[in-house]
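Take a look at the structure below.
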Amino acid sequence: MTATLEPEASIDADVATPEFEAAREQQKRRQGLFMALPAYLYLFVFFVIPLVIVIVYSFATRTRFGTELSGWNIDSYRRLGDPLVRDILLRSTTLAVITTLICLLLAYPFAYYMSTRSEKTRNLMLVFVMIPFWTNFLVRNYAWRVILGSDGPYSRLSEAIGFGEGRLLFTNVAVILGLVYGFLPFMILPLYAAIERIDGRLLEASRDLYASGFQSFRHVLLPLSMPGVVAGSILVFVPSLGAYVTPAILGGAKTTLLGSYIVTQFLSARDWPFGAALSFVLMAVMLTSTIVYFRKGGRTL
Amino acid sequence: MSGITEPRSTTKRVLQANIWLVYLFFYAPILVLVIYSFSDSRNVGAWGGFTLDWYRDFGDSSAAKGALSNSLKIAVVSTIVAVVLGTISALALERFTFRGKQVFDALLYLPIIIPDVTMAVMLLLFFSEAANIFGFSKGFATITLSHIAFSISFVSIVVRARLAGMDDKLEEAAVDLYATKWQAFRHVTLPLIMPGIIGGALLAFTLSLDDVVITEFVTGPGWTTLPVYVFGLIRKGVTPLINAISVVMLVASMGLVALSLLTDRARGESAEIE
């Protein structure tokens, strides 16, 4: 086959013969790989290798002097079943689920209403969602510390209303409040992106066919906006599960959460293998949810 | 495609109430913080008349100013590197197909959704192993390298979004008019994606300035950044000085948002010209 094509190719090289096309294609591929290489290598060294190191460490042995990278065992993973650790995992998961649900409940109607507005209003509304999104997370959590603190606006208000000195600071409620406050924009933005793309005529058609408002939401709007729901939920759930700053500022000393527990293993308990195993749990949750998302046909987060 | 039509009146009122509730939720705490930062009272939650003392304290505190300067140095260097690497990778992903592209694409998303704590642990173990081999001390380099690691992805995504909305026929036209590939890139592609690059750079800069957890894990002696410094203060207790520093950080964030919105507007206008 090549024998018959070759003379043609040599007569007129400009004509896109299969070989010429293939060579060009290959050159383009090589150039693409070459351009991706610097970032690829960077992430390989500073992301993939560290990730592998964490996994390796989780099977290592803790000694009095630190960590010994020998005597491989799964003790660190066995400890995940300890009642204390199980409690922490359960509490963190519950808090992350509640945070995600509250965010969904607030963000869905918000994003839906936003997409019914004129383009000008929409853009303005978007700007006022972007501002908290860009604002320092630490500072935003600290603001709640001031509000909920003793003698702060919250305790004054609750006393004035007659609720007495209701104390919220250093409770799980305060942590949920801080997490919702911190991550709500991460729910609104993907939901808005998903709902805005929906053809409004589909909703009208469902109403024309005598669907009630709820039915048309349940069977048309919700399924079509599912990619946004899933993306937003991942973006809120995963960081909430591993939250460290919020519980440190707003949470109580008695109710440890996964993020803080991991930090303790590294910065004070010096039990690196166990800390690595706990981090691996978070990584597994993250990887699973990402894979599920991309399998379900999601394109961008 | 027609937009989504108006909801009915009762539903509409509930939806509107939700909008105001969310905005109140977003902005009331920030406002409270700003007000209290001017309060002349040691008691953080109480109003004691107007004062600028706490801002003066910030100006007088060499620890706070040192931390601020560390933060800025790290943010500038990490942003420059992340922008270069992120932009080139965005071009590769949007304009070329190559082997391993899907893996690379997925890899780029991971630093965005990974919880801070996990990435902090990864980098802590990585740098302590590397220090055993190469013998360096933690500080500017380890923090900057870590910040680049999470910023590349954000830059890449912002630039890619810009590239995706752009017609690659413009580059082809330039090449047809005998521009070299480099000239086509330099005079056609680059100016067109510039708003995306600036947007990505501002995001990378903000993320670097804001990071607490990862920095806390990979920092070394003498390299406390402003958020790490503030976080340390908060854990010791709430003081009016923290209010003032927080408001300064808040204003800086807002300034960066304003800049990014301005480039966004420029983006919109140049898109219209196209």
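The values are calculated or read from the model by the stated rules, or taken from the named source; none is laboratory data. Source: prediction; values computed, not measured. Neighbour counts are summed over all protein chains in view; Cβ atoms, including those assigned to glycine, are modelled from backbone coordinates with ideal geometry. Areas reflect the complete protein model, heavy atoms only, side chains present, ligands, DNA and RNA absent. Shrake-Rupley method; radii C 1.70, N 1.55, O 1.52, S 1.80 Å.
With the condition kept exactly as written, say whether any residue in region B:46-53 is within 11 Å of chain A (Cβ to nearest Cβ) and either buried (at least 18 other Cβ atoms within 10 Å of the Cβ) or modelled with pLDDT under 95 (or both). Checking region B:46-53: at least one residue is within 11 Å of chain A (Cβ to nearest Cβ) and either buried (at least 18 other Cβ atoms within 10 Å of the Cβ) or modelled with pLDDT under 95 (or both). Surrounded by 12 or more Cβ atoms within 10 Å (Cβ to Cβ) and without any contact (Cβ under 8 Å) to a residue 12 or more places away in the chain: is that true of residue B:188 in this structure? When the stated conditions are applied, residue B:188 does not pass them. Only one entry of A:235, A:282, A:278 meets the criterion of being open to solvent by 10 Å² or more (accessible area, probe 1.4 Å) and either in a helix (DSSP H, G or I) or at the interface with chain B (Cβ under 9 Å from one of its Cβ atoms) (or both), and that entry is A:235. For residue B:33, the conditions (1) at pLDDT 90 or above; (2) more than 8 Å from every other protein chain (Cβ to nearest Cβ) all hold with the exception of (2).
Would you pick out the residues in region B:205-215 that are within 8 Å of chain A (Cβ to nearest Cβ) and either open to solvent by 10 Å² or more (accessible area, probe 1.4 Å) or within 18 Å of residue A:242 (Cα to Cα) (or both)? Of everything in region B:205-215, those that are within 8 Å of chain A (Cβ to nearest Cβ) and either open to solvent by 10 Å² or more (accessible area, probe 1.4 Å) or within 18 Å of residue A:242 (Cα to Cα) (or both) turn out to be B:209, B:210, B:212, B:213.
The condition of being loosely packed, with under 13 Cβ neighbours inside 10 Å, outside any loop (DSSP other than H, G, I, E, B) and either in contact with a helix residue (DSSP H, G or I) (Cβ under 6 Å, 6 or more places away or on another chain) or modelled with pLDDT of 95 or more (or both) does not hold for residue B:2. If you go through region A:160-191 and keep only what is of a type in the set (Ser, Thr, Tyr) and open to solvent by 20 Å² or more (accessible area, probe 1.4 Å), you end up with just A:171. If I go through region B:102-144 residue by residue, how many of them are open to solvent by 50 Å² or more (accessible area, probe 1.4 Å) and in contact (Cβ under 8 Å) with a residue 60 or more places away in the chain? So the count comes out to 4. Residue check: is residue B:62 polar (S, T, N, Q) and in contact with a Ser or Thr (Cβ under 9 Å, 6 or more places away or on another chain)? No; evaluated as a whole, the condition is false for this residue.
So, residue A:60, is that one hydrophobic (A, V, I, L, M, F, W, C), open to solvent by less than 60 Å² (accessible area, probe 1.4 Å) and at the interface with chain B (Cβ under 9 Å from one of its Cβ atoms) or not? Here the answer is no, as residue A:60 does not meet what is asked.
Screening A:140, A:156 for residues that are open to solvent by 60 Å² or more (accessible area, probe 1.4 Å) and assigned by TED's automatic domain parsing to the domain that holds residue A:284 leaves exactly one candidate, A:156.
I'm trying to understand the selection: among the residues of region A:64-114, which are buried (at least 21 other Cβ atoms within 10 Å of the Cβ) and polar (S, T, N, Q)? Those that are buried (at least 21 other Cβ atoms within 10 Å of the Cβ) and polar (S, T, N, Q): A:76, A:92, A:99, A:100. In this structure, residue B:86 does not qualify as farther than 30 Å from residue B:40 by Cβ, within 14 Å of chain A (Cβ to nearest Cβ), among the small types (Gly, Ala, Ser) and surrounded by fewer than 21 Cβ atoms within 10 Å (Cβ to Cβ).
Selection of region A:245-266 for residues being more than 8 Å from every other protein chain (Cβ to nearest Cβ) and either over 20 Å from the mean Cα position of the chain (by Cα) or open to solvent by 40 Å² or more (accessible area, probe 1.4 Å) (or both) yields A:250, A:251, A:252, A:253, A:254, A:255, A:256, A:264, A:265. Here residue A:53 meets each of (1) over 30 Å from residue B:24 (Cβ atoms); (2) more than 9 Å from chain B (Cβ to nearest Cβ); (3) without any contact (Cβ under 8 Å) to a residue 12 or more places away in the chain; (4) aliphatic (A, V, I, L, M) with one exception, condition (2).
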